[in-house]
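Structure first, then comments.
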Amino acid sequence: MLKTFLIGIKDVRLAFRDRAALILMLAAPFVLTVGLGLVTGRFSGNTNNGLSDIPVIIVNLDKEQLGDALADVFTSADLADLLEPAASSDPEAARKSIDEDKAAAVVIIPAGFTRSIIPQQGDFSSNAVAVEPVKIEVYANPTRPTGAGIIKAIVDEFLSRVEEGRISGATSIVQMMMSGRISPSQAEAEGIAMGEQIQANSPSNALAIKINSSTANGEATNFDALAYIAPAMALMFLMYTVTYGGRSILAERAQGTLPRLLVSPTNSAQILGGKVFGIFLTGAAQMLILIGASSLFFQLKWGDPLGVIVLVLAAVMAATGWGMIITAIARTPSQVASVGTAIMLIFGIMGGSFISLEQMPVFIQMFSKITPNAWALDGFTTLGLGGTLNDLSTPIIALLSMGIVLFLASVALFGKKNLVQK
Amino acid sequence: MGNILEVQNLAKNYGDFQAVKGVSFNIEEGEIFSLLGPNGAGKTTTISMLSTLYTPTSGDATIGGYSVTKNPMAVRGVIGVVPQDLALYEDLTARENLIFWGQMYNLSGKSLNSRVDEVLEQIGLTDKARNRVKTFSGGMKRRVNIGVGLLHKPRLLFMDEPTVGIDPQSRRSILDTVKDLNKQGMTLLYTTHYMEEAQELSNRVGIIDHGEMIALGTQKELTQQVGQAETLILHVGENDDSEALAASLKGIQGVQQAEATDHEVSIVCAEAEDVLAAVVTKANDRGIKIRSIDIREPNLEAVFLHLTGRALRD
Ligand SMILES: Nc1ncnc2c1ncn2[C@@H]1O[C@H](COP(=O)(O)OP(=O)(O)OP(=O)(O)O)[C@@H](O)[C@H]1O
Ligand SMILES: [Mg+2]
């Protein structure tokens, strides 16, 4: 265990002493982030960027307090640049326009939504509080996952506020009734008041998304384009780092240090473990340095710090799995290098690092699921929009599974090939 | 003293190719044993099996009582290995390399640090300890490569052609280090294709060719085995009559030949020790002062030539 750690630390030290590697690990993603940031006008105050004017159709069949409040969120001035909302009264027609790729998502607020949440007169029979809220439907366009994701995040945020209010509000109403402080007939008035309170709290100024849509000096802007570009570039060059690490396994074999390790009282599991740990540590260090640098130099808000750290570690694990499998299949360090570069670019493009996946054909979007880039980028977008660790379960589970599967496969391959012998 | 290493019919095939064809030999605790052979003879392959890197195709060896095939981990604690090709991290400093490798040999803390200082001293790189290995000359790298093998004070040290491709000065210092280590009690298995090194260093020599051990023994045993004689060289003064001395020496029993060149008299005999006293007496009788005497044992090059019909180095 200790030796695994020592070997890993040694590899991090070597990677950070290799000037060529440093350029690709740190300088390249940083410079590209700046470059693409300039292109999208991030630094000139121009708010036009890849994530703006997301077309969304709101079908409000509820037409009561909460339904209206949610519809208002989408049309609020704060989100005017980010979203391009349209109203419709026909759910079927709205769904159809998704199928025709005319919008990123449809939000259908069914009739009775408000009533299912805010108790009405006569509802306060014994089991009234147990009424299930009517579900809001977000019909997402699968070809525009990021846009749809943003819409979902807005709806989720709204619902979680309503839910908080509902539980505390409903409970207090029931308590008041039980304690005889209000009569059931007063319940409706209380309920309406509570609903108004939720409404007052729920417009966009209370949404977490606001956190990211305003800069430090309070000036309202859009979802920061860099919040997409910076992780995209970091993730792309993370693939470089893991193949560099994988290559070092074969390089150590060629330069004789691997055989030398094997004749020391260190077993091969410790050695392989140390190499994997080294790749993981180097990748994590790279990501955290890039995240730190962009926060420092661009005031970029990455979002929930815990979420960022867990997501980084999961993404690095998945990428490390790729580094290992490439190494296990390749024969020479230079093969790893060339395959690694190819994969870095392919994953970068297909994983949405340059062009938002929503603008790509469906088969590429399917393919993107095998890249750590797409999943992690999805997670970083969620965080950038104000999501927290809790909202990241899908990308994190996907990344961890990817890492584990690839790692096991590469260990099996290494086992067959044997570390040194022909 | 007993054998620290016993090799029984060790063989290694690479595919159909037999690189080592069943060699057997022992190394006694405290000796320097040389494995002498030309390029491709199978020296590195043999060392790789003994150091548990390669699994033998057949045969086995025990080191310090542990089998290399059945108990490799125990063997690794007994041996130190200096590989033929440099095996170092060039982007680490000399000191960082030694620290890292020391850790891999389960050293840590203060004892590791002081041991690293000792080894740096021993390989003469204390001043350069904080420079990266990639800035070193070939000879300096070789010395770090040796240093790594010494860290855990192994009982048996394998050195695989440690002087290949370096300048005479570095070579000299490495050979001296080898002798020092041996004086301090370390047993060494030294491979080389330089006959002079095997001659200078070793108590016993194994000559290996095409994967076979073609001769084994002390240098004297090997040379006598092929009927080689020793050469005694007397260095005399400028004004001394070396011709006359040479002529008179021919009469001594055991002297096969005596010849004078400039200020030297070369005497060929079966055993230098047997004739030495008589030679010195004769010189004294003639009033010739002997400045120094060299005994050139018959060389291993000749043995190799005799056994294979080829020169050791082509
Ligand atoms: N991994 C391998 N695969 C196939 N053949 C090999 C391999 N390693 C060595 N050989 C062959 O085995 C033979 C013995 O090689 P080895 O390296 O043991 O020789 P050596 O005595 O150390 O030579 P040198 O003085 O050049 O180092 C050579 O013919 C070599 O070509
Ligand atoms: Mg060799």
Taking segment B:28-46 and keeping only residues that are surrounded by 22 or more Cβ atoms within 10 Å (Cβ to Cβ) and under 14 Å from the mean Cα position of the chain (by Cα), one is left with B:ILE32, B:PHE33, B:SER34, B:LEU35, B:LEU36, B:GLY37, B:LYS43
Could you please let me know if B:GLU121 is surrounded by fewer than 21 Cβ atoms within 10 Å (Cβ to Cβ), on the phi < 0 side of the Ramachandran plot and touching a helix residue (DSSP H, G or I) at 6+ places or on another chain (Cβ under 9 Å)?
no
Scanning segment B:76-85 for residues that are at the interface with chain A (Cβ under 7 Å from one of its Cβ atoms) and either crowded, with 20+ Cβ neighbours inside 10 Å or modelled with pLDDT of 95 or more (or both) gives B:ARG76, B:VAL81, B:PRO83
Quick check, is B:LEU222 of a type in the set (A, V, I, L, M), open to solvent by 20 Å² or more (accessible area, probe 1.4 Å), more than 16 Å from ligand 2 (Cβ to nearest atom) and over 9 Å from the mean Cα position of the chain (by Cα)?
-> no
In segment A:1-42, anything exposed (fewer than 14 other Cβ atoms within 10 Å of the Cβ), under 30 Å from A:ALA227 (Cα atoms) and within 14 Å of another protein chain (Cβ to nearest Cβ) is listed as A:ARG19, A:ALA20
Going through segment B:45-60 in order, the residues found to be over 16 Å from B:HIS210 (Cα atoms) and within 14 Å of chain A (Cβ to nearest Cβ) are B:SER48, B:MET49, B:LEU50, B:SER51, B:THR52, B:LEU53, B:TYR54, B:THR55, B:PRO56, B:THR57
Taking first residues from segment A:84-106 that are farther than 15 Å from A:ILE54 by Cα and at pLDDT below 90 and second residues anywhere that are crowded, with 17+ Cβ neighbours inside 10 Å and aromatic (Phe, Trp, Tyr), the pairs with Cβ under 7 Å that are 6 or more apart or on different chains are A:ARG95/A:TYR139
Over segment B:225-250, the set of residues open to solvent by 70 Å² or more (accessible area, probe 1.4 Å) and either aromatic (Phe, Trp, Tyr) or without any contact (Cβ under 8 Å) to a residue 12 or more places away in the chain (or both) is B:ASN239, B:LYS250
With the first residue restricted to segment B:36-49 and required to be under 14 Å from B:HIS193 (Cα atoms), and the second required to be near ligand 1 (Cβ under 7 Å from one of its atoms) and of a type in the set (Lys, Arg), Cβ contacts under 9 Å at 6 or more apart or on different chains are B:LEU36/B:LYS43; B:GLY37/B:LYS43
Scanning segment B:1-44 residue by residue, the ones that are within 14 Å of chain A (Cβ to nearest Cβ), within 16 Å of ligand 2 (Cβ to nearest atom) and farther than 24 Å from B:LEU305 by Cβ total 3
Residue hits (segment A:341-364; open to solvent by 40 Å² or more (accessible area, probe 1.4 Å) and assigned to a loop (DSSP other than H, G, I, E, B)) are A:PHE354, A:ILE355, A:PRO361
Across segment B:281-302, the tally of residues that are at pLDDT below 85 and either part of a helix (DSSP H, G or I) or touching a Cys at 6+ places or on another chain (Cβ under 6 Å) (or both) stands at 3
B:VAL68 fails exactly one of (1) within 14 Å of chain A (Cβ to nearest Cβ); (2) closer than 18 Å to B:MET213 by Cβ; (3) open to solvent by 40 Å² or more (accessible area, probe 1.4 Å); (4) away from ligand 1 (no atom under 12 Å from the Cβ), namely (3)
So, first residue at negative phi in segment A:382-404, second residue part of a helix (DSSP H, G or I) and of a type in the set (Lys, Arg), Cβ within less than 9 Å, six or more apart or across chains; the pairs are A:ALA398/A:LYS369
Checking B:ASN106, B:ASN145, B:ASN97, B:ASN131 in turn, the sole residue that is touching a His at 6+ places or on another chain (Cβ under 9 Å) and either within 13 Å of chain A (Cβ to nearest Cβ) or modelled with pLDDT of 95 or more (or both) turns out to be B:ASN106
Output for Cβ contacts, cut-off 7 Å, separation at least six or different chains, first residue of a type in the set (Phe, Trp, Tyr) in segment A:6-31, second in a helix (DSSP H, G or I), reads A:PHE16/A:LEU22; A:PHE30/A:LEU290; A:PHE30/A:ALA293
Out of (1) modelled with pLDDT of 85 or more; (2) in contact with a helix residue (DSSP H, G or I) (Cβ under 9 Å, 6 or more places away or on another chain); (3) over 16 Å from A:PRO142 (Cα atoms), the one A:SER338 does not meet is (2)
Screening B:VAL279, B:VAL303 for residues that are buried (at least 16 other Cβ atoms within 10 Å of the Cβ) and closer than 19 Å to B:ASP241 by Cα leaves only B:VAL279
Among residues of segment B:158-174 being more than 16 Å from ligand 2 (Cβ to nearest atom) and in contact with a Ser or Thr (Cβ under 7 Å, 6 or more places away or on another chain), the residue farthest from the other protein chains (Cβ to nearest Cβ) is B:ARG171
Among helices (runs of 4 or more DSSP H) completely within segment A:224-340, the ones holding 1 or more residues that are away from every other protein chain (no Cβ under 14 Å), farther than 30 Å from B:GLY80 by Cβ and touching a residue at least 40 places away in the same chain (Cβ under 8 Å) are A:226-254, A:268-298, A:305-329
All conditions in (1) within 18 Å of B:LEU35 (Cβ to Cβ); (2) away from ligand 1 (no atom under 16 Å from the Cβ); (3) open to solvent by less than 40 Å² (accessible area, probe 1.4 Å) are true of B:LEU189 except (2)
Counting only residues in segment B:148-163 that are within 16 Å of ligand 1 (Cβ to nearest atom) and on the phi < 0 side of the Ramachandran plot, the one surrounded by the most Cβ atoms within 10 Å (Cβ to Cβ) is identified as B:MET159
The residue from B:THR46, B:THR55 that alone is in a loop (DSSP other than H, G, I, E, B), in contact with a strand residue (DSSP E or B) (Cβ under 9 Å, 6 or more places away or on another chain) and within 16 Å of ligand 1 (Cβ to nearest atom) is B:THR55
Turns out the helices (runs of 4 or more DSSP H) fully within segment B:73-152 with at least 1 residues that are hydroxyl-bearing (Ser, Thr, Tyr) are B:109-122
Looking at segment B:199-215, can you tell me whether even one residue there is in contact with a strand residue (DSSP E or B) (Cβ under 6 Å, 6 or more places away or on another chain), more than 24 Å from B:PHE304 (Cβ to Cβ) and buried (at least 19 other Cβ atoms within 10 Å of the Cβ)? no
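The values are calculated or read from the model by the stated rules, or taken from the named source; none is laboratory data. For clarity, every value in this text was computed on a predicted model and none was experimentally measured. All Cβ positions, glycine included, derive from the backbone under ideal geometry; neighbour counts span all protein chains shown. These area figures cover heavy atoms from the full protein model, side chains too; ligands, DNA and RNA do not enter into them. Shrake-Rupley method; radii C 1.70, N 1.55, O 1.52, S 1.80 Å.
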